[in-house]
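Nothing in this text is a laboratory measurement; each read-out follows from the coordinates by a stated rule. Predicted, not measured: the structure shown is a model, and the values here were computed from it. Ideal geometry is used to build each Cβ from the backbone, glycine not excepted, and the neighbour counts take in all protein chains shown.
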Amino acid sequence: MTELALFIVFGAAAVYGGLVMILARNPVFSALGLMLSMFSLAVFYVVSGAHFIAAVQIIIYAGAVMTLFLFVIMLIGVDRAENRQETLPLQRPLALGLLALFGAGILFAGRTAWVIAPPGIGAPSGTAEVIGDALFRRWLLPFELTALLLVVAAVGTVALALWRRGDDEPGESS
Amino acid sequence: MVTPGWYMALGAVLFVTGMAGILLRRNALVMFMSVELMLNAVNLTFVAAGRELRVIEGQISVLFVMVVAAAEVVVGLAIIVAVFRRRGTASVDALADLRG
């Protein structure tokens, strides 16, 4: 019963946040709508027993990623009016039609093509201990690869940030 | 008790919302946020599936998706800022240099 109430309230909040994100003219409102969606999803993670994932969701997504987004919005400037004129012919109707089709398809698949749980075992509790046990034994190699990925991302970002117009290769300055 | 099918349905709705943002908006930042929303929708289905199948791997997958998303956000935003410094706009319509 509690779960149903939470699902209705925070499910509506998540969808509302997503709609605010794609409809708001101001990118700051878009970022805040996305933040609302992420907080709502963290609630679902707690309800599903994924406590560690919920904490990571709040810290990484709602904290770090959204702060980064807001910084870039401030850097780029929020007062610039976005030109909403669609330049591609037929883009809007085609996009809406395809979205409706795709949405109906995955809704149908998600509601019907569903596996039944094996009986007798309880749902996994996603504490840091259980996650760490799986992560550092069975999934150690993928975990180490994420370290490599993060290093590559950090180096690439620094390289992009250090780019100046002057040191571009010839012919690229426009 | 909410069945996992409902979580799947919510994930589908959020995913389509993010896709609509990609297809309909022209601001590179908002398009990027839409990608994040799509990744989050898939994370929700991962957690719901892991809970239903009684395995922890659903949550492990979510952790990896989060790491990849964080790396992607950092690089993507750096590219957006670099494009903005060069062009003075964050609209993807302005990037039409390859148009024939």
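When the helix-only estimate is applied to the protein assembly as shown (DSSP H runs of n ≥ 4, each -39,500 (n - 2.57), divided by the residue count), what is the mean residue ellipticity at 222 nm, nearest 500 deg cm²/dmol?
Result for the protein assembly as shown, helices only: -24000 deg cm²/dmol.
Could you compute the net charge surrounding B:Pro4? Neighbours are other residues with a C-beta less than 12 Å from the C-beta of B:Pro4; K and R count +1, D and E count -1. Walk me through the numbers on the way to the answer.
Values: positive: A:Arg111, B:Arg51, B:Arg54; negative: A:Glu3, B:Glu52.
Result for the neighbourhood of B:Pro4: +1.
Any idea how far apart A:Val158 and B:Val75 come out in nm if each label point goes 7 Å out from Cα toward Cβ?
Taking the simple label geometry, A:Val158 and B:Val75 are separated by 1.7 nm.
R0 = 30 Å: FRET efficiency of A:Ala24 with A:Leu75, Cβ-based, nearest 0.05?
Details: r = 19 Å, r/R0 = 0.62.
Calculated transfer efficiency: 0.95.
How would the range B:6-47 be classified by its alpha-carbon gyration tensor: rounded, prolate or oblate, with rounded meaning a/c under 1.5 and the a/b versus b/c comparison settling the rest? Kindly include the intermediate steps, with their values, before the conclusion.
Numbers: a/c = 4.84, a/b = 2.11, b/c = 2.30.
In terms of gyration-tensor shape, oblate.
The protein assembly as shown: D in µm²/s via Stokes-Einstein (Kirkwood Rh, Cα pairs, 37 °C, 0.692 mPa s)?
164
Please turn the phi angles of the range B:51-63 into ³J(HN,Hα) values with the Karplus equation 6.51 cos²θ - 1.76 cosθ + 1.60 (θ = phi - 60°), one per residue in order, whole Hz, x for glycine and proline.
5, 6, 8, 6, 10, 7, 5, x, 6, 4, 4, 4, 4
Starting with the fewest neighbours, write out B:Trp6, A:Trp163 ranked by other beta-carbon atoms found within 10 Å of each beta-carbon.
Details: B:Trp6 18, A:Trp163 13.
The fewest-first ordering by Cβ neighbours comes to A:Trp163, B:Trp6.
Calculate the FRET efficiency for A:Ala5 and A:Ile58 from the Cβ-Cβ distance with a Förster distance of 22 Å, rounded to the nearest 0.05.
E(calc), rounded to 0.05, equals 0.55.
Once the Cβ-Cβ distance between A:Arg138 and A:Val46 is put in as r, and R0 is 25 Å, what FRET efficiency do you end up with, to the nearest 0.05?
For R0 = 25 Å, the calculated efficiency reads 0.55.
Is the C-alpha gyration tensor of the range A:1-55 telling us rounded, prolate or oblate? Criteria: a/c under 1.5 is rounded; beyond that, a/b larger than b/c is prolate, otherwise oblate.
oblate
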